[in-house]
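Taking it in order: structure first as C-alpha cells, then the write-up.
The values are calculated or read from the model by the stated rules, or taken from the named source; none is laboratory data. These figures come from a predicted structure and were not determined experimentally. As a convention, Cβ positions derive from the backbone with ideal geometry for all residues, glycine included, and neighbour counts pool all protein chains shown.
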There are 2 protein chains.
Amino acid sequence: MADSKPLRTLDGDPVAVEALLRDVFGIVVDEAIRKGTNASEKVCEWKEPEELKQLLDLELQSQGESRERILERCRAVIHYSVKTGHPRFFNQLFSGLDPHALAGRIITESLNTSQYTYEIAPVFVLMEEEVLKKLRALVGWNTGDGVFCPGGSISNMYAINLARFQRYPDCKQRGLRALPPLALFTSKEVGKIFSTHSSFFSRGKMIPEDLERQISLAEAEGSVPFLVSATSGTTVLGAFDPLDAIADVCQRHGLWADSVAWNPHKLLAAGLQCSALLLRDTSNLLKRCHGSQASYLFQQDKFYNVALDTGDKVVQCGRRVDCLKLWLMWKAQGGQGLEWRIDQAFALTRYLVEEIKKREGFELVMEPEFVNVCFWFVPPSLRGKKESPDYSQRLSQVAPVLKERMVKKGTMMIGYQPHGTRANFFRMVVANPILVQADIDFLLGELERLGQDL
Amino acid sequence: MADSKPLRTLDGDPVAVEALLRDVFGIVVDEAIRKGTNASEKVCEWKEPEELKQLLDLELQSQGESRERILERCRAVIHYSVKTGHPRFFNQLFSGLDPHALAGRIITESLNTSQYTYEIAPVFVLMEEEVLKKLRALVGWNTGDGVFCPGGSISNMYAINLARFQRYPDCKQRGLRALPPLALFTSKEVGKIFSTHSSFFSRGKMIPEDLERQISLAEAEGSVPFLVSATSGTTVLGAFDPLDAIADVCQRHGLWADSVAWNPHKLLAAGLQCSALLLRDTSNLLKRCHGSQASYLFQQDKFYNVALDTGDKVVQCGRRVDCLKLWLMWKAQGGQGLEWRIDQAFALTRYLVEEIKKREGFELVMEPEFVNVCFWFVPPSLRGKKESPDYSQRLSQVAPVLKERMVKKGTMMIGYQPHGTRANFFRMVVANPILVQADIDFLLGELERLGQDL
C-alpha cells in the first residue's frame with residue numbers, strides 16, 4: 001500500500017515511542033526543571049537572532065532525522081530558551097514552575113482532547129465546571145456560569161459580546177449597524193484593550209465620580225454606554241480599581257459589571273494558558289450568545305444529557321483543556337497552600353520596598369498596593385541631580401542599558417517601561433513561589449553592580 | 001515571614017519536585033501512551049456524569065493532599081479520559097499521538113513562556129517564523145506573514161479583521177458603524193462560522209458561478225462584499241471548494257482571498273492547538289490592524305531589533321507557543337515522512353470505500369474526495385426497505401443507538417450526524433498515522449456486531 005515507509009517514522013512501534021519519550025523527559029528534567037530553577041544557572045543564554053538561527057538550524061527539510069539528532073535539538077531548544085521558572089526571572093506578570101500544574105499540563109498534552117463535548121472530554125467537562133464553581137465562590141457568586149478561554153483578551157472579548165447580546169438579543173440577526181453607537185469604559189492602565197473612552201485616574205485607579213461624568217458625556221454624544229471593565233491589578237502599577245463603587249455606578253446606569261476575567265496563569269503560576277471568564281448569569285447567556293448549534297458535534301439525539309456539551313459557549317470550535325493544571329495544583333496545595341503563597345509574595349514585596357527605601361540609588365515610583373514594585377535605579381552619576389534639566393532624559397536611558405547588561409550576562413531578567421511622563425523605571429513582580437529574601441537582595445545588588453559605572 | 005509553610009508544598013524542594021514529575025511521567029507513559037494507543041485496551045471507559053463526579057472527587061478543598069493521593073488522581077484522570085490516540089478513535093477530525101509532537105508539547109509546557117517578545121521567547125520567535133515560511137511555501141507564497149492562533153475560528157476571525165482593515169484602514173478610529181454594511185461569503189459546510197450569505201453547493205462544494213450571483217445580489221441590497229472564505233476539506237463531507245475559480249471571482253470583485261487558515265492539529269496530528277494563519281501580505285498588515293503598542297512590552301528603546309517582537313500581530317497579549325510541536329515532528333519525520341502518512345491515509349480511505357461497497361448493510365453517502373468517508377450502516381431489519389415511508393426516520397435512529405453501544409462497550413468511537421435532508425450517517429475520518437487495514441476491518445465488523453439485532 002502506498003510507497004515504502006520512510007526510515008525514521010516510529011508509527012506503529014510503541015517500544016521506540018516510549019524510549020524516545022523517556023529520553024525527552026529526562027532532558028526536560030535535567031535542563032528545564034533542575035537547571036531551569038537553579039539560581040546558580042543562567043536565566044537566559046542570550047544570542048543575537050542571526051547567530052541563534054545558525055545554532056538552531058531551523059530549516060525544515062524533506063528528510064527526517066535520527067533519534068540522536070532529535071534529542072540534541074530538544075536540548076538546544078531548552079538551552080537557548082528563557083527559564084521563566086528561574087528564581088531570577090522577574091520579567092513578566094507570570095513566573096515560577098509549579099510542579100503539580102506542570103504535571104497537569106503534561107497529562108493534558110498526552111490526552112490531547114478538546115473540551116467541546118462530554119463524549120470526548122468527560123473528565124474535563126465535569127472538572128471545568130467544578131473549578132469555575134470554586135473560582136466563582138471566591139468572587140462571591142453562589143450560582144452562575146463560565147468558561148476557560150485562550151487568554152485574558154479573549155475572555156474580555158467574550159464579556160463584551162455577552163454584555164451587548166444581553167442588551168440587544170437580536171444583534172446577531174440585525175448586525176451591529178442596526179444598533180446605536182455603543183460605549184465601553186476601561187482603564188488606560190491595561191495593555192491590550194482597545195478603548196475609546198477612558199476614565200481619569202489617581203495612582204492608576206479609576207475614579208468612580210469621573211466614570212459617572214464620562215458616562216453622561218458619552219450619552220450626551222449619542223452613544224449607549226453598556227459596559228465598564230474594571231481591573232484588579234493593573235499591568236504596570238498593580239493598581240486596583242474600586243470595584244464596589246464602580247459596580248454601584250454600573251447598577252445606576254444599567255451597565256454590565258456581571259463577569260470576571262481571571263488569569264490563574266499569572267500570579268497563581270498555573271501555566272500559560274489558564275484564563276477563566278466567570279459569570280453570575282444563570283440564563284445560559286453564553287450559549288445563546290455564542291452558539292451555532294453545529295449538528296456534527298452537538299447532536300440532540302445523543303444518549304447523554306447534551307447540556308454537558310460546552311462547545312457552544314464559545315465562538316471557538318476546538319478548545320484546549322485548561323482546567324486540569326489548576327485543579328491538580330489546587331488539590332495538591334489546597335486553598336491554604338495557595339493562600340500561603342500569596343501571603344508570602346506580599347511579605348517579600350514588603351521586604352523589597354523596605355530595602356529600596358534603605359539603599360542609596362533606589363527610588364520607589366509609588367508605594368505598591370500589590371506585588372508589582374515600580375522603582376528607579378539612579379546610577380552614581382545622576383544621584384542628587386534631580387534638578388538638572390536633562391535628568392529625566394538621562395534617567396530614561398539607564399534601564400535599557402541595565403537590561404541589556406543583565407540579559408547578556410544571563411543573571412536575571414526584569415521589565416522596564418516609561419509610564420505617562422515618568423522616565424523608564426523597573427517593574428518588579430514578586431510572583432515566583434520559590435522566591436526568598438536572598439533573591440530580592442540579589443536583584444538589588446545586581447542592579448548596583450551592573451550600573452556602578454553609569 | 002508570614003505564616004508557617006503548609007506541609008504539602010514542594011516550593012523550594014527541587015529533589016521532591018523531580019521525584020514527583022518522574023512518577024507522573026511514568027503514569028503518563030503507562031496509562032496514556034502505552035495503554036492509550038493499544039488496540040486491545042478500551043478507547044473510553046464510559047461513566048454517567050453523576051457516577052464519574054463521585055469517582056473523581058472533584059471538589060477543591062482548603063487542605064492539600066499527599067503525594068500518593070495526587071498520583072492516584074493522575075491515574076484516575078487518564079483512566080476515565082477518552083484516548084484520542086487510540087487506533088479505534090475515529091470521532092473527530094483529529095486523532096493519533098505523534099511522539100515527536102508530544103515531545104515538543106512537553107518541552108513547551110516545561111518552558112512555559114509567551115510568544116510575544118524575542119526577549120522571553122528567542123527560540124520560538126525564530127522558529128515560528130521558519131514554520132510559517134515553510135507552510136506558506138506549500139501554499140505557494142514565497143513571501144508573506146503569519147501567526148499561530150488559538151484555533152481555526154480565531155484564525156478566521158483575524159482574517160476577517162485584516163480584510164476589513166485593508167479595505168477601511170481607518171475603521172479602528174471610525175468604528176464599524178461608520179462603514180457601509182459588509183458582506184462575507186462562506187460555506188454552509190463549515191461548523192462554527194456565523195454567516196449571513198451562503199453560496200449554493202454541489203457535493204458540498206461552493207459553485208463559483210453561484211458565488212458571483214450572490215455577490216451581485218449582496219451589492220444590489222446595498223452591502224459591500226469584502227471577503228470569501230473557501231474551505232479545503234469541509235467538516236462532514238471533506239469537500240474542497242474550487243480555490244482557483246473562487247480566487248478569480250475574488251480578484252474580479254476586489255474581495256479578500258489572501259490568507260489561509262491551516263490547522264496542523266487536525267490531519268497532521270501536531271496536537272491541540274496548532275492553527276496557523278498565513279498571509280501573502282508584506283506590508284505589516286497584521287501589526288497595523290491588531291497592534292496596540294503597549295509600552296510595557298514593546299519598548300522601542302530595546303537593545304535588539306524590535307521587529308522581532310510578534311505580540312502586536314494579534315489582539316491577544318500572552319500567546320502560547322504552538323510552533324515547537326510541529327517543528328520537532330517535521331524535523332523527525334521530514335516532509336517525506338509527513339507526505340507518506342497522508343498517502344497512507346488516502347490508501348486506507350480507498351480500502352475502506354471498497355470494503356463498504358462489498359459488504360451488505362453498508363451504503364456510502366457519496367464517493368469521498370478526502371479522508372472523510374460518510375456512510376450508513378443499514379441494520380438487517382431495514383435492508384431492502386428503502387421504499388418504506390418510515391425508512392429514513394427509522395434509519396436515523398440507528399446511528400445514535402450504535403454510538404451508545406460502542407461507547408459503553410469502549411471498543412471504538414465514531415461520529416455521526418444528519419446532513420441536510422439525509423438521515424443520520426457515520427463520518428469516518430482516516431487520520432491516525434498508526435491505522436492499518438485491520439483497524440478498518442474492525443470498524444466495519446464492530447458495527448455489524450453492534451447492530452445485528454436492529
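Quick notes
- Residues of segment B:264-286 classified as in contact with a Leu (Cβ under 8 Å, 6 or more places away or on another chain) and either farther than 26 Å from residue B:342 by Cβ or part of a loop (DSSP other than H, G, I, E, B) (or both), total: 12
- Looking across segment A:192-208, just one residue is within 14 Å of another protein chain (Cβ to nearest Cβ), modelled with pLDDT of 50 or more and part of a loop (DSSP other than H, G, I, E, B), and that is A:204.
- Scoring residue B:336 on the criteria (1) surrounded by fewer than 20 Cβ atoms within 10 Å (Cβ to Cβ); (2) in contact with a Ser or Thr (Cβ under 9 Å, 6 or more places away or on another chain); (3) away from chain A (no Cβ under 14 Å) leaves a single failure, condition (3).
- Hits in segment B:410-435 (condition: out of contact with any Pro (no Cβ under 8 Å at 6 or more places or on another chain) and within 15 Å of residue B:350 (Cβ to Cβ)): B:428, B:429, B:430, B:431
- When residue A:249 is tested against the conditions (1) away from every other protein chain (no Cβ under 14 Å); (2) surrounded by fewer than 18 Cβ atoms within 10 Å (Cβ to Cβ), the lone failure is (2).
- Residue B:213 being of a type outside the set (A, V, I, L, M), touching a strand residue (DSSP E or B) at 6+ places or on another chain (Cβ under 7 Å), in a helix (DSSP H, G or I) and more than 21 Å from residue A:172 (Cα to Cα): no
- Residues located in segment A:281-305, provided they are more than 9 Å from chain B (Cβ to nearest Cβ) and without any contact (Cβ under 8 Å) to a residue 24 or more places away in the chain: A:283, A:291, A:293, A:300
- If you go through segment B:56-90 and pick out every residue that is facing another protein chain (nearest Cβ under 8 Å) and in contact with a Ser or Thr (Cβ under 8 Å, 6 or more places away or on another chain), you end up with 7.
- Test: residue in segment A:217-232 that is more than 23 Å from residue B:171 (Cα to Cα), touching a Phe, Trp or Tyr at 6+ places or on another chain (Cβ under 7 Å), at pLDDT 85 or above and not in a loop (DSSP other than H, G, I, E, B): yes
- Comparison of A:142, A:161 shows that the only residue that is of a type in the set (S, T, N, Q), outside any helix (DSSP H, G or I) and more than 7 Å from every other protein chain (Cβ to nearest Cβ) is A:142.
- Residues located in segment A:178-191, provided they are modelled with pLDDT of 80 or more and in contact with a Leu (Cβ under 7 Å, 6 or more places away or on another chain): A:184, A:185
- Selection from segment B:29-44 of residues that are more than 9 Å from chain A (Cβ to nearest Cβ) and either within 19 Å of residue A:99 (Cβ to Cβ) or of a type outside the set (S, T, N, Q) (or both): B:30, B:35, B:39, B:41, B:42, B:43
- Each residue in segment B:115-130 was checked for being outside any loop (DSSP other than H, G, I, E, B), more than 19 Å from residue A:27 (Cα to Cα) and more than 7 Å from chain A (Cβ to nearest Cβ), and 3 of them qualify.
- Selection of segment B:1-28 for residues being more than 24 Å from the chain's Cα centre (by Cα), outside any loop (DSSP other than H, G, I, E, B) and either farther than 23 Å from residue B:95 by Cα or at the interface with chain A (Cβ under 7 Å from one of its Cβ atoms) (or both) yields B:14, B:15, B:16, B:17, B:18, B:19, B:20, B:21, B:22, B:23, B:24, B:25.
- Entirely in segment B:371-454, the strands (runs of 3 or more DSSP E) that have 3 or more residues that are within 13 Å of chain A (Cβ to nearest Cβ) and either in contact (Cβ under 8 Å) with a residue 40 or more places away in the chain or hydrophobic (A, V, I, L, M, F, W, C) (or both): B:413-419, B:422-429
- Members of segment B:347-370 that are touching a residue at least 40 places away in the same chain (Cβ under 8 Å) and assigned to a helix (DSSP H, G or I): B:348, B:349, B:351, B:352, B:355, B:356
- Answer residue from segment B:293-307, given it is surrounded by fewer than 18 Cβ atoms within 10 Å (Cβ to Cβ) and of a type in the set (S, T, N, Q) and is farthest from residue B:169 (Cα to Cα) among those: B:305
- Every pair of residues 6+ apart whose Cβ atoms lie under 7 Å, when the first sits in segment B:94-109 and is among the basic types (Lys, Arg) while the second is part of a helix (DSSP H, G or I): B:105/A:109; B:105/B:325
- Some residue of segment B:103-114 being touching a Ser or Thr at 6+ places or on another chain (Cβ under 7 Å), more than 29 Å from residue A:309 (Cβ to Cβ) and either more than 9 Å from chain A (Cβ to nearest Cβ) or not in a helix (DSSP H, G or I) (or both): yes
- Test result for residue A:96, out of contact with any Asp or Glu (no Cβ under 6 Å at 6 or more places or on another chain), more than 7 Å from chain B (Cβ to nearest Cβ), in a helix (DSSP H, G or I) and crowded, with 20+ Cβ neighbours inside 10 Å: no
- Filtered residues of segment A:146-189 (kept if within 30 Å of residue B:296 (Cα to Cα), in contact with a Ser or Thr (Cβ under 9 Å, 6 or more places away or on another chain) and surrounded by fewer than 20 Cβ atoms within 10 Å (Cβ to Cβ)): A:160, A:188
- Test result for residue B:351, among the aromatic types (Phe, Trp, Tyr), farther than 19 Å from residue B:270 by Cα and away from every other protein chain (no Cβ under 13 Å): no
- Segment A:306-327 - residue that is part of a loop (DSSP other than H, G, I, E, B) and not charged (D, E, K, R) and, of those, farthest from the other protein chains (Cβ to nearest Cβ): A:310
- Residue satisfying condition, being under 21 Å from the mean Cα position of the chain (by Cα) and surrounded by fewer than 22 Cβ atoms within 10 Å (Cβ to Cβ), within set B:316, B:344: B:344
- Yes/no for residue B:51 being free of Cβ contacts under 8 Å to residues at least 12 places away in the same chain and at the interface with another protein chain (Cβ under 7 Å from one of its Cβ atoms): no
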